[in-house]
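What follows is a set of notes on a single structure, which appears directly below.
Derivation of every value follows stated rules applied to the coordinates shown; laboratory data play no part. Bear in mind the structure is a predicted one, so any value in this text is a computation, not a measurement. Positions of Cβ are backbone-derived with ideal geometry, glycine not excepted, and every protein chain shown enters the neighbour counts.
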């Protein structure tokens, strides 16, 4: 597991190493979570992604296709909800493989 302090650092890390899951916040310095995933998808990276946000405009929650495989998770959420999303994504990734 690695941690990036902002979206630019995340893009760099994701270009240098292969990961199984991306968990990102929407509001980050330099590159937002939505823009991070958009750039990854534009470059052909289909890493399963969970976007977390407590302050995302409602129209951006209609980005399900962008986050496929993945999910959008609105704050606040419980640990049980988070773990259920991670498990669902893991299972769907295994079925697709």
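Some observations on this one:
- Scoring 28-37, 3-12 by mean Cβ neighbours within 10 Å over their residues and listing the highest first yields 28-37, 3-12.
- By the count of other C-beta atoms within 10 Å, a proxy for reagent exposure, 50, 23 are ordered fewest to most as 23, 50.
- A simple spin-label model places pseudo-atoms 7 Å from Cα toward Cβ; at residue 79 and residue 13 they are separated by 2.1 nm.
- The calculated FRET efficiency for residue 46 paired with residue 2, based on their beta-carbon distance and R0 = 22 Å, is about 0.70.
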